[in-house]
Amino acid sequence: MLNRIKTLASLFLELGPRWSAFRLAYAFRLRTGLIRLQTPQYAWDDRPLKHWLHPSIPSDPNSYATWRKTNAPNFFTSITAVGARSPRPDYGNQAIEEANKLLSGELKYFSHEYHQIGFPPNWHKDPITNYQLPTALHWSQISDDSTTDIKFIWEPNRFAFVYTLVRAYAATGDEKYPQAFWQLIQDWADHNPPNTGANWKDGQEIALRLMAWTFGFYAFIHSPSTTNLQISQFTQLLAAQAERIYKNIGYAISTRSNHTISEAFGLWMVGLLFPELKEAQKYFHLGKRLLEEEATKQIFPDGSYAMYSLNYHRFILHLYLYAIQLGEINHFPLSTSLKISISNSITFLSHLIDPASGQMPVYGSNDGALVLPLNNCDFTDYRPLLQLGSVITTGQPIFEPGAWDEDVVWLCGEQLTAKHAKDAKKEQGLLSDLRALSGKSFPQGGTYILRNSNSHAILRCTHFTSRPSHADQLHMDLWMGAHNIAIDAGTYLYSGKGLWRNGLARTSAHNTVTLDNKDQMTMVSRFTWTNWAKGKVLKQTENLWQGEHDGYKPVRHKRTVMALEENRWLVIDDLTANELHHYTLHWLLNDVPFTQKENSLLLNYEASIYKIQTGLLNGEGKFTALRADSNSTYGWRSRYYAHKEPAISLLLETHQTNARFYTFFGFESDTVELSGDILFINQTKVIIP
């Protein structure tokens, strides 16, 4: 009881009285059934198209379809002309293969792994466990944290495969793709009546579904396979879902997260593109206001993101970039301040990307979301986002031509890509220019970069001002050339069983030190931490970074990172206490063949053999190396949601009052020796601040 009171008090202090009051009121609405009165269940036929349209708009299918084709607001020209587009083999082949798999009942989940779900699928069934959620209950009566991970049910209901159908149609002109689009929408409507079932539960899921539907609607509206009845029914289905977002958007706002942005985007997009709806202006203005406000609230001045997650950062940037372009072509531009926030984000992310692979640290929550799957690049490749973002915010691409250009083609047109090809040499230097424009510190988001000649460290240290994602203070990623040596574990599952219930969000999964097997903060639910650990940077120069956090107070944890000569690195972790504690230093390393020698590992990367050696400057410790441990989260990483793969966990444990760990990253022939409490690297004494 006392712990519960402390938890509630911490939530109140960290999230504020307004948040607390709203959540209490929302819980009351759920338990009393009031929310079922505010968003009632009904049949589609109860509210035909006429119910949703402005009185001046014809509602019979033929007249409405004619009006719609004549008066539709502008959309991206590459999509509206999709039926007449020339095939693009370099873009289309993979899309054709994926679209054909969809038609045979195979869907790619979380942009990575195919599962057989049927065509059309069971919209309420988890294909992994075969568990089916109730189909007749009001959405508020269905838990999103039950015996199955609801994300497996929501994934096909997002309709992200629509982008694949459009790309395949553009490459082939085959009418089976628009036919599949309409068949799936009709089947979805048949099995998901308004406000009924899990697929009406989350406004963000609805907004992403409407975004994908609208993309396909504009691409296929002139297809010979599209009927006037389908056009009129589409607007009816869209209007009902927009109303659901509008009536419960207060909950999304209370989350202070990407949910607010996605639901605001959904309302804004529907209001902009379907002005014939009688509520269109209300949706448009509310959506626009929230999009503008949340850009200021959620994107920090240094360009980093308030959810402390790189994948969620990509998520909201896709929405904003899409909105910027859509607003421009309809002469409803978004504000200059919003565009500056987006530009700052692109600059921030340009510091973190490995340009040769498009990889970034798997930092913060990663639920597999990819809002715009418009290219053949891997889910982990951020070049499509940065290429699109750079073109939209600066008018110039950030990378030379490649597969990552396809997003630009769809949203900005072919002419920009042609110009891009002519200026390839100029573009090659743009990434370096962007990196030089701003510093290597991003304090609002708690990201710091230390560079060596051909390696760099990315460090996490922040004073949280919004809800933390992972308990990862003082975590460090290390890249040696293009190799991500010391890695972030990622997420894997939000609703897994036992230790896999968002287990990789815990401190023990990160490259830092745990005390007495505790987290730096208190996890009270899958997504909520209390007693936020406060990080503080003590020093940063060209070759040294030093920071600390208070998550173990009164014990102090200070980390010092030194960039040594010729891409060698030294990390010192100081733990200061007044009584005995069990300290565990953990490093998660990329899975490559390795050799263990006492307290060091040799990682074989073919062209290079890297050495990682750990030790204590005072006292004794136990050294362990684990790969894919079956009894813990050690030795695992997850780059894609619901998929984990082996990694190497290096552990050094000690039981003492004060501890001083060292970790050296270098090469096979390097020597690291300890004389008393003095460290010698390659026979040179190291002065530790």
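Can you tell me the convex hull volume per residue for segment 630-682, based on C-alpha atoms, in Å³ to the nearest whole number?
On the way: hull volume 7.7 nm³, N = 53.
It comes to 145 Å³ per residue, whole-number rounded.
Stokes-Einstein D for segment 74-256 at 37 °C, 0.692 mPa s, Kirkwood Rh over Cα pairs, in µm²/s?
Estimated diffusion coefficient is 192 µm²/s.
Could you give log10 I(q)/I(0) at q = 0.06, 0.09, 0.12 Å⁻¹ for the chain, computed by the Debye formula over C-alpha point scatterers of equal weight, without solvent?
The computed values of log10 I(q)/I(0) come out as -0.36, -0.80, -1.36.
Using the reciprocal of the averaged 1/r over all distinct C-alpha pairs, how large is the Kirkwood radius of segment 552-645 in Å?
Result for segment 552-645 stands at 16.0 Å.
Among 108/534; 497/611; 247/288, which pairs are too far apart, with a Cα-Cα distance over 28 Å? Before the final figure, lay out the partial values.
Working: 108/534 39 Å; 497/611 35 Å; 247/288 16 Å.
Violating the 28 Å limit, Cα to Cα: 108/534; 497/611.
Could the peptides 148-157, 587-596 be put in order, highest first, of the mean number of other beta-carbon atoms found within 10 Å of their residues?
By packing density, highest mean first, the sequence is 148-157, 587-596.
How many angstrom lie between the C-alpha centres of segment 453-529 and segment 132-180?
So the separation of the two Cα centres works out to 30 Å.
Divide the volume of the convex hull of the Cα atoms of segment 186-260 by its number of residues and quote the answer in cubic angstrom per residue. Don't skip to the answer; put the middle values down first.
On the way: hull volume 6.2 nm³, N = 75.
So the per-residue hull volume is 83 Å³.
Can you give me the C-alpha center-to-center distance between segment 636-689 and segment 323-369, rounded to a whole angstrom?
Segment 636-689 and segment 323-369 have Cα centres separated by 35 Å.
Computed from the coordinates by the stated procedures, all read-outs in this text should not be read as laboratory data. Every value quoted in this text rests on a predicted model; they were computed, and no experiment measured them. Positions of Cβ are backbone-derived with ideal geometry, glycine not excepted, and every protein chain shown enters the neighbour counts.
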